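Quick one: the structure is below, and I'll ask about it shortly.
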Amino acid sequence: METEKNISITVETKVEASLDKVWECWTEPVHIVNWNNASDDWFTPRAENDLRTGGSFVSRMEARDGSTGFDFGGKYDEVIPKSLIAYTMEDGRKVRITFKEEDGVVRIIETFDAEHTFPPEYQKAGWQAIMDNFRKYVESKYGISR
């Protein structure tokens, strides 16, 4: 019997904004609905977030043409404000996100367990696109002028 190998995927970005604003935009539903999509043909009409160890979250993700949608959610395993978010998705996969202020920018590193339906490269591209949208949203709203 062959078993599927667990693969971890990491995406990251550097955001030119304060750690306070980066954390706020990552965690507050009023902001999440503005950046949580991998492409312009998707959007997040609703987000809920109980940001604490043992708390849960859910974001409703939908295709703009109305053809499909799904809830993306999970439960927080560990939350250290402005530093770490670790959670378990509803399907049991784990995610770990670190926030580090370095030289006036915030580096976000997100590592997640891949699922077995889509190729890892496809998953990495999708999660990276969401991360890139986050960076663009925060920098356009709160970016540091250089």
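The values are calculated or read from the model by the stated rules, or taken from the named source; none is laboratory data. Note that the structure is predicted; figures quoted are calculated from it, not measured. Neighbour counts run over all protein chains shown; Cβ positions are idealised from the backbone, glycine included. Heads up: the accessible areas ignore ligands, DNA and RNA and are worked out on the full protein's heavy atoms, side chains in. Shrake-Rupley method; radii C 1.70, N 1.55, O 1.52, S 1.80 Å.
Are there any pairs, at least 6 apart or on different chains, whose C-beta atoms fall under 6 Å, with the first in the stretch 34-51 and more than 13 Å from Asn133 (Cα to Cα) and the second open to solvent by 40 Å² or more (accessible area, probe 1.4 Å) and among the small types (Gly, Ala, Ser), and if so, which?
Asp50/Ser56
Looking at this structure, is Ile108 surrounded by 16 or more Cβ atoms within 10 Å (Cβ to Cβ), part of a strand (DSSP E or B) and modelled with pLDDT of 95 or more? Before you say what the answer is, go through the steps one by one.
Values: surrounded by 16 or more Cβ atoms within 10 Å (Cβ to Cβ): yes; part of a strand (DSSP E or B): yes; modelled with pLDDT of 95 or more: yes.
Here the answer is yes, as Ile108 does meet what is asked.
Pick out the one residue from Phe118, Phe57, Phe134, Phe99 that is of a type in the set (Phe, Trp, Tyr), part of a strand (DSSP E or B) and closer than 19 Å to Asn37 by Cα. Reasoning before the result, please.
Values: Phe118 fails: part of a strand (DSSP E or B); Phe134 fails: part of a strand (DSSP E or B); Phe99 fails: closer than 19 Å to Asn37 by Cα.
Unique residue meeting the criteria: Phe57.
Let me ask another. Inside the stretch 137-146, can you point out the residues that are out of contact with any Cys (no Cβ under 6 Å at 6 or more places or on another chain) and assigned to a helix (DSSP H, G or I)?
Step one: list which residues in the stretch 137-146 are out of contact with any Cys (no Cβ under 6 Å at 6 or more places or on another chain), which gives 137, 139-146.
Tyr137, Glu139, Ser140, Lys141, Tyr142 - these are the residues of the stretch 137-146 that are out of contact with any Cys (no Cβ under 6 Å at 6 or more places or on another chain) and assigned to a helix (DSSP H, G or I).
Table: residues versus (1) surrounded by fewer than 16 Cβ atoms within 10 Å (Cβ to Cβ); (2) closer than 25 Å to Ala114 by Cβ; (3) among the charged types (D, E, K, R).
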residue	(1), (2), (3)
Trp23	no, no, no
Thr27	no, yes, no
Asn34	no, no, no
Asn37	no, yes, no
Pro45	yes, no, no
Gly55	yes, yes, no
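Look through Gly126, Gly66 and report the one residue that is open to solvent by less than 70 Å² (accessible area, probe 1.4 Å), out of contact with any Asp or Glu (no Cβ under 8 Å at 6 or more places or on another chain) and in a loop (DSSP other than H, G, I, E, B). Write out each step before concluding.
Numbers: Gly126 fails: in a loop (DSSP other than H, G, I, E, B).
The conditions single out Gly66.
OK, next. Residues being in contact with an Asp or Glu (Cβ under 7 Å, 6 or more places away or on another chain) and assigned to a loop (DSSP other than H, G, I, E, B): count how many of those fall in the stretch 42-54.
1
For the stretch 3-13, indicate whether the set of residues that are more than 19 Å from Ala125 (Cβ to Cβ), modelled with pLDDT of 95 or more and open to solvent by less than 60 Å² (accessible area, probe 1.4 Å) is non-empty.
Taking every residue of the stretch 3-13 in turn, none turns out to be more than 19 Å from Ala125 (Cβ to Cβ), modelled with pLDDT of 95 or more and open to solvent by less than 60 Å² (accessible area, probe 1.4 Å).
Here's another thing I want to ask about it. Against the condition of a type in the set (Val, Ile, Thr), loosely packed, with under 13 Cβ neighbours inside 10 Å and farther than 19 Å from Gln123 by Cα, how does Ile80 come out, does it pass? Lay out the reasoning, then the answer.
Working: of a type in the set (Val, Ile, Thr): yes; loosely packed, with under 13 Cβ neighbours inside 10 Å: yes; farther than 19 Å from Gln123 by Cα: yes.
Yes; evaluated as a whole, the condition is true for this residue.
Also, quick follow-up: Can you pull out every residue in the stretch 83-100 that is open to solvent by 90 Å² or more (accessible area, probe 1.4 Å) and out of contact with any strand residue (DSSP E or B) (no Cβ under 8 Å at 6 or more places or on another chain)? Break it down stepwise before answering.
The first filter runs over the stretch 83-100 and keeps only residues open to solvent by 90 Å² or more (accessible area, probe 1.4 Å), leaving 90-91, 94, 96, 100.
Result: Asp91, single match.
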